[in-house]
Each structure stands twice: as C-alpha cells, then as structure tokens.
Amino acid sequence: MTISLDLIKKLREATGAGVVKCKEILQKVGGDIDKAVSELRKLGAASADKKASRTAAEGKIAIKVKEDGFAAVMLEINSETDFVVRDENFINFSDLTTQLALAHEVESIDDLAKLKTGVNGETIEDARQALIIKIGENIKLRRLVLMQIEEGSTIGSYAHGNRIGVLVHITGGDEALAKDIAMHIAASRPIVVQRDDVPDELVVKEREIYTAQAQASGKPEEIIAKMIEGRVNKFLDEASLLGQPFVKDPGVTVAQLLRNAEAEVVKFVRYEVGEGIEKKTENFAEEVMAQVKGKE
C-alpha cells in the first residue's frame with residue numbers, strides 16, 4: 001500500500017514519532033490513522049518499560065509562575081544524559097508539562113501524568129513515552145511542588161541554568177526581595193528556614209562528630225565543651241536560611257535583611273537535578289573486556 005506524505009505528516013503531528021516509524025506503522029495498519037496512533041502508543045509504553053531501569057540523573061528543573069503571582073510550580077524532569085536537555089523535543093515537553101501542571105494546579109507526579117495535552121486525547125504520560133521513542137533515552141517526571149499564596153505574600157523564584165531551581169514564599173517585602181532570597185537559597189543551600197527547624201537526629205549526628213574531633217585535641221574538658229557548642233552553633237547557622245550571611249552583602253545575615261524589610265520567609269523549596277540519585281559508575285575498560293569474553 002502506498003502511504004501519502006500528508007498521512008505521514010498527520011500521524012507525525014499527532015504522535016511526535018519519526019517519519020520512518022510513522023510510515024512503517026501506517027503500512028502495517030493499512031493507512032488507518034487511529035490504529036496507527038494506538039500502535040505507536042503501545043510501542044511507546046513498551047519502550048518506556050524497557051528503559052525504566054536505566055538511571056536518569058541528568059535533566060532540568062523547570063519553573064513557571066502564574067501571571068497574578070499567586071501560584072507557581074517547580075518540576076524536575078530527568079534524562080540519562082545532559083545532552084538531551086538541549087534537544088528541542090525535550091525542551092518542548094518540559095515547557096508543555098510545566099505549563100499544564102500550573103494551569104491545573106496539580107500537586108503530584110501521578111496527577112500530572114494523567115493530564116491531557118490537548119492532542120488527540122493524549123496524556124502527559126503518553127507524551128513522555130513518545131519522547132522516549134524519539135530520543136532513545138529514559139525520561140522521568142521525578143518530583144513536583146506547587147506553591148500557592150494569598151494576598152500580602154509574594155513568591156520568589158530563581159533558576160540557575162537548568163540544574164538548580166528555587167521557590168520561596170515570603171510575607172512583607174517585595175518581588176525584588178523575594179527573588180534575592182531565592183537566589184541566595186540557590187547559592188547557599190540552606191536546609192531549613194530557622195535553627196529550630198533543623199531535625200534533631202541531624203544535630204545529634206553532627207554533635208557526635210564534633211565531640212570526637214574535640215576530644216582528639218587533648219585539651220581540658222571545659223575547653224572541649226566550649227569547642228563542641230561553638231561548632232554546633234556554627235552548623236545550625238550554616239544549615240538555616242536565617243543564620244546565613246546574605247550572598248549579596250555578607251556583612252548582614254538573611255535574618256537581618258528580612259527584619260530591615262519587615263518581611264518573613266514562610267517556606268522555601270530548592271531542587272537540584274539528580275540530587276539523591278545514585279549514579280552508575282561506568283568503567284569502559286571493564287565493559288569492553290566483558291564483551292570480548294562474551295564472544296570467546
């Protein structure tokens with residue numbers, strides 16, 4: 001059967017699959033466009049399943065804020081290589097996914113995956129599977145946060161390239177302050193807003209380390225006790241946003257900056273691509289030897 005270019009184009013626009021694959025599937029189903037779409041989606045699901053176990057620790061942090069400023073979404077989309085992040089198809093998928101997440105104000109990856117893209121009943125999950133076929137890498141929607149505020153509050157956002165993103169909710173102050181705080185968080189990596197928020201188990205762990213270090217110094221017990229408390233206090237300041245020196249003016253702490261502006265930080269979220277994902281260490285020499293032995 002001869003497949004027209006118009007039919008191939010129509011299927012390509014509907015699914016995003018390559019020209020060769022579109023022609024192949026159309027010939028298989030006798031030119032039925034609906035069956036072809038269904039077949040390509042099945043292939044996408046199968047391909048996604050095969051690649052699901054492959055580590056995807058690269059990718060992008062995408063941020064979008066509503067025009068009225070009362071809601072924002074931040075999403076981590078992972079790929080296997082950093083190269084893919086610059087691919088036009090990946091960029092379009094990232095933009096569409098973030099836009100829909102904000103428009104529908106979804107709060108979980110599962111809910112996001114079910115959203116319709118507006119193309120032939122396709123969902124975000126369908127689009128993800130189609131993207132996997134197109135670029136040949138595992139693509140994952142890893143995590144998402146929706147931040148919503150009310151009158152009198154401000155959302156600050158900051159993206160450092162593709163790899164780091166921050167959303168911060170402040171009361172008082174203005175948009176410029178909120179953005180400065182978001183930029184500071186991106187650079188200084190606080191884990192909590194204030195000292196009291198640092199998890200007890202983390203403080204205990206750090207104290208044990210500092211105690212062992214101080215005792216190894218051989219100094220008197222009273223000096224050791226002061227050394228330990230000093231180091232614990234320093235850790236708490238470094239771990240908390242309010243205790244850190246402000247990156248734009250290290251002469252003041254973030255707490256002082258906020259106090260001067262009569263503002264407060266309610267909460268913040270900082271994402272960095274791949275954090276917490278155990279990356280597979282490739283050993284090229286071992287891989288080659290394994291292939292050689294396999295042929296013997």
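The values are calculated or read from the model by the stated rules, or taken from the named source; none is laboratory data. Treat the numbers as computed from the prediction; the structure is a model and nothing was measured. Every residue, glycine among them, receives a Cβ derived from its backbone with ideal geometry; neighbour counts consider all protein chains shown. When the accessible area is computed, the model is the full protein with side chains, heavy atoms only, and any ligands, DNA or RNA have been set aside. Shrake-Rupley method; radii C 1.70, N 1.55, O 1.52, S 1.80 Å.
Numbers at a glance
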{"read-out": "Single condition A216 does not satisfy, out of (1) open to solvent by less than 50 Å² (accessible area, probe 1.4 Å); (2) free of Cβ contacts under 8 Å to residues at least 40 places away in the same chain", "value": "(1)"}
{"read-out": "Residue within the range 63-72 that is among the basic types (K, R) and at pLDDT below 85 present", "value": "no"}
{"read-out": "The range 63-84 residues that are among the basic types (K, R), paired with ones that are at pLDDT 95 or above and outside any strand (DSSP E or B) (beta carbon under 7 Å, 6 or more apart)", "value": "K64/T98; K64/Q99; K64/L102; K66/L102"}
{"read-out": "Verdict on K234 being modelled with pLDDT of 85 or more, part of a helix (DSSP H, G or I), surrounded by fewer than 18 Cβ atoms within 10 Å (Cβ to Cβ) and within 30 Å of the chain's Cα centre (by Cα)", "value": "yes"}
{"read-out": "Qualifying residue in the range 46-55 (condition: of a type outside the set (K, R), within 30 Å of A186 (Cα to Cα), surrounded by 14 or more Cβ atoms within 10 Å (Cβ to Cβ) and modelled with pLDDT under 95)", "value": "yes"}
{"read-out": "Subset tally (residues that are within 18 Å of V198 (Cα to Cα) and either of a type in the set (V, I, T) or in contact with a Cys (Cβ under 9 Å, 6 or more places away or on another chain) (or both)) for the range 220-252", "value": "2"}
